[in-house]
Amino acid sequence: MAAGGSYSIVEYFGGDGGYRCGYCKHENGNFSHGMWSHTMTVQDYQDLIDRGWRRSGKYVYKPLMNKTCCPQYTIRCHALNFHPSKTHKKTLKKVNRFLSKGEMPVERHDEGLEGEPMDSAHEAGVQPPRQDPLKIDHSEVQDISTSPDTDTTNSTAPTTPREDATPAPAEKTPNVTPKSGKGADPSRPLCQKAKDMRKERQLQKEQQKQQEAESSSVNPVPSKSSSNQPKSLEEFITEFLPNDPLHRLEVRLVPVSFEDPDFLVSYEQSAALYARYQTTVHGDSLYECGESEFKRFLCDSPLEAETAPDGPDVGYGSFHQQYWLDGRIVAVGVLDILPSCVSSVYLYYHPEFSSLSLGTYSALREIAFTRQLQQQSPKLAYYYLGFYVHSCPKMRYKGQYRPSDLLCPETYTWVSIERCIPRLEISAYSRLSENAQGGDACALKELGRVLVLHRRTVMPYAAYARKRKGSNDEKEVEQYASLVGQTCAEKILLYRA
């Protein structure tokens, strides 16, 4: 059972038909399996993305790797060991020069090759349903119980899934490396004086050195503790910023919840920025990126907000990381904070600032944010950039955030990208694992133990099949369970009409 007594509930769609690929533009070459998630725990979603799934709004999909024209490999960066490349440092200096002196670089024709460090339904060609397709009556979700006719050891009746769960309060992050602790004080003013910011940086460095001296077992965020040690990412982010910069940048983390006042007050401005970005950068029509599409794609999330004693102060769930420049939003990174990672969902920004390479800049800020969260929750140590598509040169930039791993599509084990690239140069689809005998540790073994939700009742599929004599959905349920794996199939509820 999930934490707090709640279940994830999904409806599986299959996915044997092809559709247009957003990478190579093949009209019928993109294949993926999909399911609509009515609600999902963060641990279940963590387990799913570690099997190659990814969400677009509430639609969760998995590319059919050995059939699709442009195989999409899940990629993760080891945030704690990340060191910025020359290109990354150049981007950070470019942004800081703009903040300090207002210098806006001239945009080159090759600037777009950096891409954004997030995938989108628009780019990949994923086609989620236009509206919630679930045929579940809300009363079925709110009043589920465990069937007495059960073949599973899990006999505890779950409580109502939290459809209106409110995430932890937003953490406001100034333009310095945020200090760990209880998070931002909502009563404080939005912007700090430069003098106070400088004092905080100095205090933070002193505290960090003290923590390093007291405990050798903790792996803290790297810092420059001696002259022969390279600068940390956090130091490059704040490098050369004067006490009184021309422009003031503030980064705010806002839970995706219409119950949250910070999310609510910035909603219209954020939606307008999304529309401007999509029409200018991606060429969408206003119909394709209106408020309803913005809400469906970037605000509707199946993830339940959760907190845990060993979790980060901000909690788990879906968030918008807003970049406020001189009092207005100029970029928004959509993030999922999960038990083991920060997962990037999407980025949109004001086209006026495209020459600042905000895709790269936001990814670096998000890696630094992951490192901050890891100090509060040790197992949260990875930054997921979505999908790496080696067959699409424009998408290879994600491999520059190293050290990083790709997910093997057959064994679901992680392999360093350096070992993967030679294989992908030969074939767009490849079994990445070098262990010839290795297999899927969570492969489907017992179809009867797959959990289903039928008429407000949770039961194993074996019990459901006995109740529904003549049911012809065994192949569909088997396909679903094979894709999510035995572990997830015994936790997530598959809706049955």
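Could you tell me which of the pairs K25/K101; K93/K398; K394/K445; K101/K394; K25/K94 are separated by over 30 angstrom between their Cα atoms in the structure shown? Violating the 30 Å limit, Cα to Cα: K25/K101; K394/K445; K101/K394; K25/K94.
In this structure, K445 and E259 have a Cβ-Cβ separation that, at R0 = 51 Å, corresponds to a calculated FRET efficiency of about 0.80. Explain nothing, just the number: relative contact order of the stretch 356-483, from Cα pairs under 8 Å at least 6 residues apart, as a whole percent. Computed value for the stretch 356-483: 13 percent relative contact order. For the stretch 304-354 and the stretch 20-62, compute the distance between their C-alpha centroids and round to whole Å. Between the Cα centres of the stretch 304-354 and the stretch 20-62 lies a distance of 20 Å.
Between rounded, prolate and oblate, where does the stretch 216-343 land on the alpha carbon gyration tensor, with a ≥ b ≥ c its root eigenvalues, rounded for a/c under 1.5, else prolate if a/b exceeds b/c? Oblate.
Net length available on complete extension from A497 to N243 is 85.2 nm, with 0.36 nm assigned per residue and the Cα-Cα distance removed.
If the chain linking R466 and A308 were pulled fully straight, counting 0.36 nm for each residue of separation and taking away their Cα-Cα distance, it would gain 53.0 nm. Taking Lys and Arg as +1 and Asp and Glu as -1, the other residues whose beta-carbon sits under 11 Å from that of L406 total +2.
Report note on the peptides 338-349, 394-405: ranked by the mean count of other C-beta atoms within 10 Å, highest first, their order is 338-349, 394-405.
With an a/c value of 1.5 or above and a/b not larger than b/c for the gyration tensor axes a ≥ b ≥ c computed over the alpha-carbon atoms, the stretch 290-333 is described as oblate. Taking a ≥ b ≥ c as the square roots of the eigenvalues of the alpha carbon gyration tensor, the stretch 447-497 is oblate, as a/c is not under 1.5 and a/b does not beat b/c. Taking all Cα pairs closer than 8 Å and separated by 6 or more residues, the relative contact order of the stretch 384-446 comes to 28 percent. Net charge within 11 Å of C341 by Cβ-Cβ distance, Lys/Arg positive one each and Asp/Glu negative one each, not counting C341 itself? It works out to a net charge of -1. Tally Lys and Arg at +1 and Asp and Glu at -1 over the other residues with C-beta under 10 Å from the C-beta of H78: what net charge comes out? Result for the neighbourhood of H78: +1. Ordering 330-337, 471-478, 272-279 by mean Cβ neighbour count within 10 Å, with the highest value first, yields 330-337, 272-279, 471-478.
The numbers here are math on the coordinates, done by the rules we state, and not lab data. Just so we're clear, the structure is a prediction, and the values are computed from it rather than from any experiment. Neighbour counts are summed over all protein chains in view; Cβ atoms, including those assigned to glycine, are modelled from backbone coordinates with ideal geometry.
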